[in-house]
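> Next up is a structure, given as structure tokens.
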Amino acid sequence: MTEAQLNVEVSKSKISRHIYGHFAEHLGRCIYEGLWVGEDSLIPNTDGIRNDVVDALKKLNIPVLRWPGGCFADEYHWKDGIGPKENRKRMVNTHWGGVVENNHFGTHEFFRLCELLECEPYICGNVGSGTVQEMSEWVEYMTFDGESPMAAWRQENGQEKPWTLKYFGVGNENWGCGGNMRPEYYADLYRRYQTYVRNYGDNRLYKIAGGANVDDYNWTEVVMREAGKMMDGLSLHSYTIPGSWEEKRRALGFDEAEWIETMQKSLHMDELITRHSEIMDKYDPEKRVGLIIDEWGTWFLSEPGTNPGFLYQQNTLRDALVAGIHLNIFHNHSDRVYMANIAQMVNVLQALILTEGDKLLLTPTYHVFEMYKVHQDNELLEVAFESPLYTYGGVTIPQLSISASRDNHGKVYVSICNLSHEADASLSFTINGLQAGSVSGQILTHTDLGAHNTFESPETVVPSAYEDAELADGVLSCALPPASVVVLTLE
Ligand code: AHR
């Protein structure tokens with residue numbers, strides 16, 4: 001039995017809803033097919049955007065969507081994606097599969113998608129192969145309300161008023177696909193490019209600098225030192241990759257050793273945030289600059305028979321645990337982590353939705369996002385506990401991942417992941433500072449670790465009501481089966 005203290009009177013920081021952000025790139029079937037089918041498609045759509053996908057995503061209260069990449073962003077020239085569709089440039093998507101990019105989904109279509117999803121846009125600009133002028137004119141095109149060449153062009157293309165745009169990324173992975181730069185060089189370029197990324201009228205940009213790859217702490221050190229004062233956010237990318245970058249593993253058909261390795265690698269996010277934050281604290285002790293984890297999630301081999309450049313993978317109960325662990329870690333670091341964007345929204349990597357023609361399925365990851373959404377914008381609460389250990393095949397990690405929050409009506413939410421593939425977990429929380437009268441909850445689990453949803457059987461892994469929690473004398477007791485994610489509500 002794990003004894004824990006849930007201290008409802010100790011609120012630590014606000015869990016920004018932007019931690020529940022998403023990412024959609026011109027990669028494989030994410031934008032094309034997954035989100036965009038075009039106005040003439042037989043698949044029901046609104047201005048070319050799939051209705052079924054939008055309806056499913058809206059249930060998650062999506063706060064923000066990052067676009068157009070990723071590596072694609074540093075090869076994207078926004079002027080190719082505006083104006084009459086028949087005149088838009090057909091080009092090669094060199095980074096992702098060498099397929100034709102017809103530019104039918106561009107700036108106007110992206111803002112329409114955000115409008116339908118009722119989320120904020122986050123645009124990533126091109127530093128790697130674009131000019132300062134190009135970036136500066138994009139911002140003018142999107143946000144300037146007055147007389148100017150870019151504003152006039154936007155109006156000609158059917159958008160009279162400027163859009164509201166807050167989040168703007170100055171490049172992506174500039175240590176790699178975004179230009180193979182050294183941090184010193186990128187820091188200087190960041191300073192230069194961001195100078196011309198203007199605030200027009202009332203539109204105030206939140207400028208996000210391209211951050212480190214995984215544990216490249218030197219990148220964070222140099223970029224914070226040289227440019228920290230000129231940014232609002234600094235990004236960090238880290239994927240959960242069982243095996244190695246060179247020898248990835250399959251999303252399905254894994255064994256227990258791969259299970260625990262995946263859990264261990266997910267937990268690594270905690271150390272990454274801690275260490276990058278320590279460096280940020282040196283230059284920004286007030287924590288003004290947000291840590292923006294704008295790409296995270298599992299990265300497996302592509303499904304057999306699919307284009308390897310499309311990064312299409314299935315999504316199992318294991319991905320649900322990865323999602324739950326990451327979201328708990330982001331909550332517990334919400335004093336510095338302001339935004340996170342799972343990669344990616346549809347049909348790519350750790351997707352929430354998979355589509356095939358006019359069919360759609362919701363993945364286990366989707367269900368975790370739906371269960372956890374109650375934490376958005378809440379006060380993070382203190383949970384003191386010592387996790388039992390989970391050992392398998394020479395690997396030892398904590399068995400439990402937990403976070404808790406309180407909303408502004410006083411309801412308290414506790415999310416718990418049992419990482420063990422074989423052991424139950426029993427917990428007892430002494431609740432300090434709340435006279436809870438009732439507990440209810442939801443659980444996502446399965447007896448098969450590789451359980452997943454298919455187009456033929458889309459409801460194999462779905463949440464159900466959780467009945468194994470009880471409250472007595474200010475103590476909450478609960479028991480979790482192996483490989484499970486639970487979210488409890490106390491009121
Ligand atoms: O999400 C897929 C790719 O992973 C992105 O394009 C890139 O930024 C990262 O390396």
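The values are calculated or read from the model by the stated rules, or taken from the named source; none is laboratory data. Just so you know, these numbers come straight off a predicted model, no measurement behind them. Every residue, glycine as well, gets a Cβ built from its backbone with ideal geometry; the counts of neighbours run over all protein chains shown.
> Looking at V197, V222, V214 in this structure, which one is at pLDDT 95 or above, of a type in the set (V, I, T) and within 13 Å of the ligand (Cβ to nearest atom)?
From the options V197, V222, V214, the qualifying one is V214.
> A further question on this structure: Given the conditions (1) within 16 Å of the ligand (Cβ to nearest atom); (2) under 15 Å from the mean Cα position of the chain (by Cα); (3) part of a loop (DSSP other than H, G, I, E, B), report the number of the one that H22 does not fulfil.
Checking H22 against (1) within 16 Å of the ligand (Cβ to nearest atom); (2) under 15 Å from the mean Cα position of the chain (by Cα); (3) part of a loop (DSSP other than H, G, I, E, B), the one that fails is (3).
> Can you confirm whether R288 is away from the ligand (no atom under 16 Å from the Cβ), buried (at least 24 other Cβ atoms within 10 Å of the Cβ) and not aliphatic (A, V, I, L, M)?
no
> Would you please name the residue that is nearest to the ligand (Cβ to nearest atom), looking only at residues in the range 136-175 that are polar (S, T, N, Q) and crowded, with 23+ Cβ neighbours inside 10 Å?
N172
> Can you confirm whether G178 is touching an Asp or Glu at 6+ places or on another chain (Cβ under 6 Å), modelled with pLDDT of 95 or more and within 16 Å of the ligand (Cβ to nearest atom)?
For G178, the condition - touching an Asp or Glu at 6+ places or on another chain (Cβ under 6 Å), modelled with pLDDT of 95 or more and within 16 Å of the ligand (Cβ to nearest atom) - is met.
> Here is a check on your reading of the model: is E382 surrounded by fewer than 24 Cβ atoms within 10 Å (Cβ to Cβ), among the charged types (D, E, K, R) and in a strand (DSSP E or B)?
Taking the combined requirement at face value, the residue satisfies it.
> Looking only at residues in the range 293-312 that are under 30 Å from S277 (Cβ atoms) and either under 11 Å from the mean Cα position of the chain (by Cα) or within 12 Å of the ligand (Cβ to nearest atom) (or both), which one is surrounded by the fewest Cβ atoms within 10 Å (Cβ to Cβ)?
By that ranking, first place goes to W299.
> Within the range 242-250, identify whether any single residue is within 16 Å of the ligand (Cβ to nearest atom), surrounded by 20 or more Cβ atoms within 10 Å (Cβ to Cβ) and hydrophobic (A, V, I, L, M, F, W, C), and answer yes or no.
Within the range 242-250, none of the residues are within 16 Å of the ligand (Cβ to nearest atom), surrounded by 20 or more Cβ atoms within 10 Å (Cβ to Cβ) and hydrophobic (A, V, I, L, M, F, W, C).
Residue-by-condition table, conditions (1) in a strand (DSSP E or B); (2) in contact (Cβ under 8 Å) with a residue 40 or more places away in the chain; (3) closer than 19 Å to K85 by Cβ:
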{"residue": "H18", "(1), (2), (3)": "no, yes, no"}
{"residue": "E39", "(1), (2), (3)": "no, no, yes"}
{"residue": "I43", "(1), (2), (3)": "no, yes, yes"}
{"residue": "V53", "(1), (2), (3)": "no, yes, no"}
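> How about the range 71-85: which of its residues are within 16 Å of the ligand (Cβ to nearest atom) and not in a loop (DSSP other than H, G, I, E, B)?
Of everything in the range 71-85, those that are within 16 Å of the ligand (Cβ to nearest atom) and not in a loop (DSSP other than H, G, I, E, B) turn out to be C71, F72, A73, D74, E75.
> Mind listing whichever residues of the range 340-359 are over 14 Å from T298 (Cβ atoms), within 13 Å of the ligand (Cβ to nearest atom), part of a strand (DSSP E or B) and of a type in the set (A, V, I, L, M)?
V346 - this is the single residue of the range 340-359 that is over 14 Å from T298 (Cβ atoms), within 13 Å of the ligand (Cβ to nearest atom), part of a strand (DSSP E or B) and of a type in the set (A, V, I, L, M).
> If I filter the range 214-223 for residues that are in contact with an Asp or Glu (Cβ under 8 Å, 6 or more places away or on another chain), within 25 Å of M345 (Cα to Cα) and either of a type in the set (A, V, I, L, M, F, W, C) or free of Cβ contacts under 8 Å to residues at least 60 places away in the same chain (or both), do I get at least one hit?
No, every residue in the range 214-223 fails to be in contact with an Asp or Glu (Cβ under 8 Å, 6 or more places away or on another chain), within 25 Å of M345 (Cα to Cα) and either of a type in the set (A, V, I, L, M, F, W, C) or free of Cβ contacts under 8 Å to residues at least 60 places away in the same chain (or both).
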